[in-house]
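Only one structure is covered here, and it is reproduced in the block below.
The values are calculated or read from the model by the stated rules, or taken from the named source; none is laboratory data. On a predicted model such as this, the values are computed, not experimentally measured, just so you know. Here Cβ is always computed from backbone atoms with ideal geometry, including for glycine, and neighbour counts include all displayed protein chains. Each accessible area value is taken on the protein alone, full model and side chains, heavy atoms only, with ligands, DNA and RNA left out. Shrake-Rupley method; radii C 1.70, N 1.55, O 1.52, S 1.80 Å.
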Amino acid sequence: LKFKTINLNKRDFMMRRPLGYLEIIGDNIIYLAADGNILVIKDDLLKNEIKSNIKSFFNNKIDLSKNDLFLPYALNPIRDLLYHEGFLYVVIVHKELFDSDVRFSTAVLKGKFNYDYIDFEYFFKPDSYVSGKIDSTHAGGRIVVNQQREFYLAVPEYSKVDKVNNLNNIFGKILKIKSIDNYEIISIGHRNPQGLYYDKENDLLIESEHGPSAGDE
């Protein structure tokens with residue numbers, strides 16, 4: 001294999017923090033940085049920025065200093081990217097302020113792909129959240145779609161261990177998305193699911209996650 005290096009802009013936080021996600025559209029690579037910047041990278045490695053409204057969903061003006069010790073993970077909230085039938089689907093750590101309470105959840109944005117401008121809107125935004133002190137290093141998330149055009153979303157537990165076996169919330173679960181706020185729980189008891197893969201040949205959903213004590217599962 002012969003590799004070429006594509007130089008991206010320097011980031012203002014440690015390399016261990018979320019960096020970005022890739023998709024292939026035609027002959028082009030789409031790079032979505034965890035801070036919301038979108039690039040199209042062509043065969044000759046020419047890079048062009050694609051403008052969008054994605055950062056308007058981040059709510060990064062909320063003061064998180066009392067909620068999270070790992071701020072870069074929360075301030076750079078993108079967790080996955082999926083291209084399907086002309087649309088980009090983006091998983092984000094969603095933050096909102098309710099009175100003086102900061103609420104966290106996992107949401108999915110959807111935008112029709114365009115090389116000039118992508119207008120995102122909510123594809124999945126459930127009424128399920130955690131609040132108080134969280135650990136956003138426990139805030140992975142993946143989205144896949146099967147041959148029947150059914151979307152599956154892996155949701156982390158944000159370090160709220162008491163949530164994972166409770167069927168009244170989305171945390172520590174794998175969900176089948178039915179509509180913007182409607183879902184079916186298909187698996188429970190997860191910690192930090194950062195791998196989700198759909199095997200088309202065998203119609204299998206395969207999940208992997210970060211386990212406790214530095215082990216992976």
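Things worth noting here:
- For Asn114, the criteria (1) closer than 14 Å to Gly172 by Cα; (2) in a loop (DSSP other than H, G, I, E, B); (3) modelled with pLDDT of 95 or more hold in every case but one, which is (1).
- All positions within the range 4-41 that are open to solvent by 30 Å² or more (accessible area, probe 1.4 Å), at pLDDT 90 or above and either of a type in the set (A, V, I, L, M, F, W, C) or assigned to a loop (DSSP other than H, G, I, E, B) (or both): Leu22, Ile24, Gly26, Asp27, Ile29, Asn37, Leu39
- Filter result for Ser128 (of a type in the set (Ser, Thr, Tyr), under 14 Å from the mean Cα position of the chain (by Cα) and under 29 Å from Ile38 (Cα atoms)): no
- When the range 80-108 is filtered for residues that are at positive phi, modelled with pLDDT of 95 or more and open to solvent by 50 Å² or more (accessible area, probe 1.4 Å), only Glu85 remains.
This table checks each residue for (1) surrounded by fewer than 12 Cβ atoms within 10 Å (Cβ to Cβ); (2) in a strand (DSSP E or B); (3) among the aromatic types (Phe, Trp, Tyr).
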residue: Lys110; (1), (2), (3): no, yes, no
residue: Phe123; (1), (2), (3): no, yes, yes
residue: Asn168; (1), (2), (3): yes, no, no
residue: Ile174; (1), (2), (3): no, yes, no
residue: Ser208; (1), (2), (3): no, yes, no
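- Residues in the range 176-206 that are among the hydrophobic types (A, V, I, L, M, F, W, C), touching a Phe, Trp or Tyr at 6+ places or on another chain (Cβ under 8 Å) and open to solvent by less than 60 Å² (accessible area, probe 1.4 Å): Ile177, Leu196.
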